[in-house]
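The values are calculated or read from the model by the stated rules, or taken from the named source; none is laboratory data. Values in this document were obtained by computation on a predicted structure and should not be read as measured data. Neighbour counts run over all protein chains shown; Cβ positions are idealised from the backbone, glycine included.
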Amino acid sequence: MSTKKRTLLKVIILGDSGVGKTSLMSQYVNNKFSKQYKATIGADFMTKEITVDDTVVTLQIWDTAGQERFQSLGVSFYRGADCVMCVYDVNSAKSFESLENWRNEFLVQASPSDPDKFPIVVVGNKIDVEEGKESKRVISEKKAKSWCTSKGGLMHFECSAKEDINVTAAFEAVARFAVESE
Ligand code: GDP
Ligand code: MG
């Protein structure tokens with residue numbers, strides 16, 4: 001007989017258009033990466049089941065359908081979120097500067113009861129991009145970590161959705177963080 005607990009966690013992925021939100025989700029859930037730019041996947045969320053300690057967690061991962069480019073996301077996107085993944089592109093200073101806005105927007109829209117303790121994981125994506133090729137890295141790991149520290153110690157991961165580097169680790173950290181703060 002299983003003594004495992006079960007829980008459902010709503011994870012929302014925030015960040016500027018093009019940073020790789022959909023790619024991270026698709027790599028994590030389906031082990032697929034596409035070079036094609038797809039603004040929308042046509043679904044509100046995808047699910048994946050994982051085990052964290054003695055808890056079976058169904059991660060319900062919400063991705064935007066590209067609305068982040070022109071308008072704020074609807075309140076239903078934010079409602080009931082248990083954890084947030086805030087994504088930037090390590091090769092884009094602008095996307096890193098936007099993190100502040102995304103975090104603020106989330107705190108305003110979802111108004112969690114304890115904003116300082118709310119599980120937010122920051123992800124720097126596209127670390128596979130080689131210097132001098134498509135672009136080059138402008139946000140160092142040190143710079144990102146120091147921003148995370150200044151916001152009360154947010155967790156930070158550097159990933160590549162393309163090469164599948166650290167993607168599982170980032171999502172599992174989000175899940176663990178949320179389970180432990182329940
Ligand atoms: P979104 O708008 O944040 O959902 O971004 P997408 O997931 O649609 O990705 C935008 C573009 O960046 C697409 O052309 C992807 O193929 C590309 N991309 C996403 N993740 C990576 C990555 O880790 N490395 C590289 N080199 N390209 C990526
Ligand atoms: Mg997308």
The range 127-175: number of residues that are of a type in the set (D, E, K, R) and over 25 Å from residue 101 (Cα atoms): 8
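Yes or no, residue by residue, for (1) farther than 17 Å from residue 79 by Cα; (2) surrounded by 17 or more Cβ atoms within 10 Å (Cβ to Cβ); (3) at pLDDT below 95; (4) touching a Gly at 6+ places or on another chain (Cβ under 9 Å):
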position: 2; (1), (2), (3), (4): yes, no, yes, no
position: 5; (1), (2), (3), (4): yes, no, yes, no
position: 22; (1), (2), (3), (4): yes, yes, yes, yes
position: 26; (1), (2), (3), (4): yes, yes, yes, no
position: 38; (1), (2), (3), (4): yes, no, yes, yes
position: 41; (1), (2), (3), (4): yes, no, yes, no
position: 44; (1), (2), (3), (4): no, no, yes, no
What pairs can you find where one residue is in the range 98-121 and of a type in the set (Gly, Ala, Ser), the other is surrounded by fewer than 16 Cβ atoms within 10 Å (Cβ to Cβ) and part of a helix (DSSP H, G or I), and their Cβ atoms are less than 8 Å apart, with a gap of 6+ or different chains? none
For the range 114-126, indicate whether the set of residues that are part of a loop (DSSP other than H, G, I, E, B), of a type outside the set (A, V, I, L, M) and closer than 15 Å to residue 15 by Cβ is non-empty. yes
The residue that is farthest from residue 28 (Cα to Cα), considering only those in the range 61-97 that are within 13 Å of ligand 1 (Cβ to nearest atom), part of a helix (DSSP H, G or I) and modelled with pLDDT under 95, is 69
In the range 47-66, what residues are of a type in the set (A, V, I, L, M), within 16 Å of ligand 2 (Cβ to nearest atom) and more than 12 Å from the chain's Cα centre (by Cα)? 65
Just need a number here: residues in the range 70-90 that are touching a Gly at 6+ places or on another chain (Cβ under 8 Å) and among the acidic types (Asp, Glu). 1
Cβ-Cβ distance below 8 Å, separation of 6 or more or different chains: which pairs start in the range 11-31 with a residue that is under 24 Å from residue 93 (Cα atoms) and touching a residue at least 24 places away in the same chain (Cβ under 8 Å) and end on one that is of a type in the set (S, T, N, Q) and assigned to a helix (DSSP H, G or I)? 15/95; 15/98; 16/95; 16/98; 18/95; 19/95
Residue check: is residue 102 in contact with a strand residue (DSSP E or B) (Cβ under 6 Å, 6 or more places away or on another chain) and either outside any loop (DSSP other than H, G, I, E, B) or of a type outside the set (Phe, Trp, Tyr) (or both)? yes
Which of the residues that make up the range 67-92 are surrounded by 16 or more Cβ atoms within 10 Å (Cβ to Cβ), in contact with a helix residue (DSSP H, G or I) (Cβ under 9 Å, 6 or more places away or on another chain) and free of Cβ contacts under 8 Å to residues at least 60 places away in the same chain? 68, 73
Scanning the range 1-33 for residues that are among the basic types (Lys, Arg) and closer than 16 Å to residue 159 by Cβ, the one farthest from ligand 1 (Cβ to nearest atom) turns out to be 32
Options 120, 139, 127: the member that is closer than 22 Å to residue 44 by Cα, touching a strand residue (DSSP E or B) at 6+ places or on another chain (Cβ under 7 Å) and of a type in the set (Val, Ile, Thr): 120
Checking residue 136 against (1) of a type in the set (D, E, K, R); (2) assigned to a helix (DSSP H, G or I); (3) over 16 Å from the mean Cα position of the chain (by Cα), only one condition comes out false. Which one? (2)
